[in-house]
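The values are calculated or read from the model by the stated rules, or taken from the named source; none is laboratory data. Here the structure is a predicted model, which means the values were calculated and not measured. FYI the Cβ positions are ideal-geometry reconstructions off the backbone, even for glycines, and counts take in every protein chain you see. Ligands, DNA and RNA are stripped out before the accessible areas are found, and what is left, the full protein with its side chains, is counted by its heavy atoms. Shrake-Rupley method; radii C 1.70, N 1.55, O 1.52, S 1.80 Å.
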Amino acid sequence: MAEKPPEMEGVWKRVAVVGGGVAGSLIAKSLQFLADVTLIDPKEYFEIPWASLRSMVEPSFAERSLIYHKDYLTNGRLVVSKAIDISNSQVLTAEGRLVTYDYLVIATGHNDFFPKTRSERLKEYRAENEEIRSANSILIVGGGPNGVELAAEIAVDFPDKKVVLVHKGSRLLEFIGPKAADKTLQWLKSKKVEVKLGQSVDLNESSEGSKTYVTSNGEVIKADCCFMCTGKPPGSAWLQETMLKDSIDGFGRLKVDENLRVKGYKNVFAIGDITDVKEIKQGYLAQKHALIAAKNLKLLMNGGKEDKMASYKTNSTKVIVSLGRQDAVAQFPLTTLIGLVPGFIKSKDLFVGKTRKQLGLDSRILDT
């Protein structure tokens, strides 16, 4: 970490950011030259989450989407550990370290379990890729964006493999309109993906050893490997016994005001998927949260008035779900598109270059 200017010693406000995902990484990067920033994350790297499914079929893609925190956090502190408790002035980590703050930002997203080191995560992608390559038949459980995108990636890169997608809902991608969902279903069928709706798979009732899986309708599916792409709960379990326990709603999300402060607190912000903001949880919206909260923190740290803080406003959401390397389905406020046009927007690079550039890093594709 670079030394703070001598005249600023003791003047810089201390900002602790818990969670180094989409929102946490961006706000830490945005504030590092304006405050004494400490980022607390159980991993040494930030992973661009919407690139993860491409990395399963092309592990080298992850070389750009797995970013060491230290590469963009050049003027802040990094604590590689889980946060386990907070008080009104400190964060306690699993290793027993206390991080003192003037302002706290909670950005713990969803409850994911990833390895601590970047090299271990790359190894996971290579193992998953080998599993896909060696399989003749693949079962995907979950028809949300992750399940649909993984099915599409495999169908495009490995067209000879049998892919079965099981989803408990009555249609795919239930968070968007039925027109987009129907177009997606037809696209998957055109790639010979077998889609089973209105069913679930209980892995406890299935046998990985015999490669046999049973759906809730009693249907038996034989598959060489299975990938679970069902939703994950918000990453708020660690807050249940802290001072913020009464700020968590019934869905496990932190209740925030229009300025993205946790309700009832002047110096605690929450951003990204952990918040109760009424909108579809998407990466680009988490980035918007980070920029609004960073703007408000700059104002407060400079002694600005609270009534001058920026408000976060929800708008009509745009959604783009990639379908392999060229196609995508997109839902915009006035229209729904599928094919090469929305695919041109997202599917080739999956916004990896754009995200790297936002963190101040080289956006170019590396030679691999």
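Residues that are of a type in the set (A, V, I, L, M) and surrounded by fewer than 19 Cβ atoms within 10 Å (Cβ to Cβ) within region 116-141 comprise Leu122, Ala127, listed in sequence order.
Cβ separations smaller than 8 Å between residues 6+ apart or across chains give no pair from region 13-34 residues that are at positive phi to residues that are modelled with pLDDT under 95 and part of a helix (DSSP H, G or I). Annotation for region 327-344: no member residue is among the polar types (S, T, N, Q), out of contact with any strand residue (DSSP E or B) (no Cβ under 8 Å at 6 or more places or on another chain) and modelled with pLDDT of 95 or more.
If you filter region 175-207 down to residues that are small (Gly, Ala, Ser) and touching a residue at least 60 places away in the same chain (Cβ under 8 Å), you find that the one that is farthest from Asp327 (Cα to Cα) is Gly177. Counting residues in region 23-44 that are open to solvent by 20 Å² or more (accessible area, probe 1.4 Å), closer than 20 Å to Arg356 by Cα, hydrophobic (A, V, I, L, M, F, W, C) and touching a Lys or Arg at 6+ places or on another chain (Cβ under 9 Å) gives zero.
Here's the yes/no breakdown for (1) in contact with a Leu (Cβ under 9 Å, 6 or more places away or on another chain); (2) farther than 30 Å from Leu285 by Cα; (3) surrounded by fewer than 23 Cβ atoms within 10 Å (Cβ to Cβ):
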| position | (1), (2), (3) |
| --- | --- |
| Gly143 | yes, no, no |
| Ala152 | yes, no, no |
| Val166 | yes, no, no |
| Glu174 | no, no, yes |
| Pro178 | no, no, yes |
| Leu188 | yes, no, yes |
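Listed by first and then second residue, the pairs linking a residue in region 208-227 that is on the phi > 0 side of the Ramachandran plot to a residue that is outside any strand (DSSP E or B), with Cβ atoms under 8 Å apart and 6 or more places separating them unless they lie on different chains, are Lys211/Ala223; Lys211/Asp224.
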